[in-house]
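The values are calculated or read from the model by the stated rules, or taken from the named source; none is laboratory data. This is a predicted model, so every value here is computed, not measured. Glycine gets a Cβ as well: all are built from the backbone with ideal geometry, and neighbour counts include every protein chain shown.
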Amino acid sequence: MAFHPLFIQIFVERLRWLTAPVFTELFALSQCIPGPSSTQMAYSIGIIKKGPLGGLLSGLLCFQLPGAVLMSLVGLGVARWLADPSPWLRGLTAGLGAAGVALIAVSGVALSASCCKDRWTSAATTLTALATFYVSAIWLMPVLILAGGVLTLVAYRKKDLSVASEDKHVESFGLPRWAGAGVVGLWLALLAAGLLARRFVPAPAPIGLQWWNAWYTAGSLIFGGGQVVVPLLYGVVVQQDCAQVGVGPGGTAPFKAVCNDKPTSWVTTSDFYTGLAVIQAAPGPMFNLAAYLGAIMARRAGVFPLAGILIGLLGLNGPGLLLLYGILPFWGRFRHWALYRRALPGLNASAVGLVVSAAVRLALDVRSKAPWPDAASAIMMAAFAASHVFKVTPPLVVGAGGVLGVIAWAAKMK
């Protein structure tokens with residue numbers, strides 16, 4: 001969520017495109033619908049100033065595209081050079097992954113401080129974190145988000161949470177309401193089509209259809225922004241205890257991974273955590289991880305890389321952006337509803353719980369997969385302190401993690 005103060009500084013304080021209350025409401029709205037919250041904010045600001053096309057200009061071309069191109073190139077490089085990495089390179093990627101997970105934990109701490117203002121929101125965060133750590137199920141995320149909203153809806157029933165009208169800074173709500181309803185219907189139709197394809201298309205389904213269904217389903221069920229996407233994507237594209245087989249020189253041959261004698265995995269654990277580290281040091285939103293993973297999946301499956309990149313980006317980002325364009329026309333009305341205002345703190349607090357759970361789960365996984373578990377834990381703690389306490393920038397934290405990983409390899413640490 002590092003984008004949040006920067007967005008405020010530029011668009012609220014310097015340019016005065018919108019007021020602080022409107023910005024806060026847009027931020028809360030992006031937390032309440034699936035998808036990448038930072039990207040949705042970039043689209044939203046463009047929409048309220050210049051309509052639907054303004055949203056595409058600000059969100060796609062200015063905010064997301066540069067980082068997506070960079071992560072695509074990194075993914076292509078990883079697919080080529082990490083198919084059979086040397087020991088020192090495994091140390092480097094393990095160190096990068098440890099630092100990347102530490103930055104996830106820093107985000108969780110910062111969000112907890114901003115969203116957990118009382119016992120009710122703290123309870124929503126804690127219960128959500130515990131539940132999602134213990135039960136790894138996609139359907140559980142939206143259920144817990146809704147439960148957090150219901151909790152504060154009841155707890156704050158006697159509070160006056162009315163909002164003053166700030167619509168003078170909102171020049172457009174995007175599409176007409178009838179078109180917005182149609183866009184929401186399109187999102188639902190695509191989701192239903194994917195679920196039906198899983199049921200009725202004979203196995204094995206075409207690889208492109210498998211990828212699209214996995215990305216689109218994940219994008220439709222991720223609440224709370226980029227940090228929450230990490231454990232869900234890990235479960236989608238990586239399976240634990242997989243042995244990589246059938247990869248030719250340079251990683252260009254069709255990629256297979258065997259888990260319990262079934263081909264299930266599309267990328268390796270090392271691939272995933274390397275991308276996790278790089279994405280946090282690169283410009284753009286966390287959801288650009290789809291471009292990186294899509295490039296690796298396509299190259300190792302013998303598919304034209306651009307196809308994997310586009311399927312990943314459109315599948316993961318598409319649901320949230322369709323819902324944003326569909327719901328924003330109605331936002332001008334329901335933002336004044338008392339029920340919505342009282343549910344918002346709980347919705348946001350539950351989203352923070354997803355980030356906390358993700359940080360703990362990923363930290364344990366990085367430790368178990370590292371060639372030197374104790375050193376990996378030490379790198380994570382050092383990276384957390386560097387970022388949270390000493391405010392070192394993410395690129396430096398990630399780079400230092402990689403260097404420490406190589407040192408741990410060279411010193412044969414445990």
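Applying the set (1) at pLDDT 70 or above; (2) within 22 Å of residue 334 (Cα to Cα) to residue 167 leaves exactly one unmet item: (1). Only one entry in 29, 61 is in a helix (DSSP H, G or I) and more than 17 Å from the chain's Cα centre (by Cα), namely 61. Restricting attention to segment 372-385 and to residues that are of a type outside the set (Gly, Ala, Ser) and either touching a strand residue (DSSP E or B) at 6+ places or on another chain (Cβ under 8 Å) or buried (at least 17 other Cβ atoms within 10 Å of the Cβ) (or both), the residue that is modelled with the lowest pLDDT turns out to be 372.
Applying the set (1) within 29 Å of residue 142 (Cβ to Cβ); (2) not in a helix (DSSP H, G or I) to residue 413 leaves exactly one unmet item: (1). Scanning segment 244-295 for residues that are modelled with pLDDT under 80, among the small types (Gly, Ala, Ser), surrounded by 18 or more Cβ atoms within 10 Å (Cβ to Cβ) and part of a helix (DSSP H, G or I) yields a total of 4. In segment 360-375, the condition of being out of contact with any Ser or Thr (no Cβ under 8 Å at 6 or more places or on another chain), in a loop (DSSP other than H, G, I, E, B), in contact (Cβ under 8 Å) with a residue 24 or more places away in the chain and among the aliphatic types (A, V, I, L, M) is met by at least one residue.
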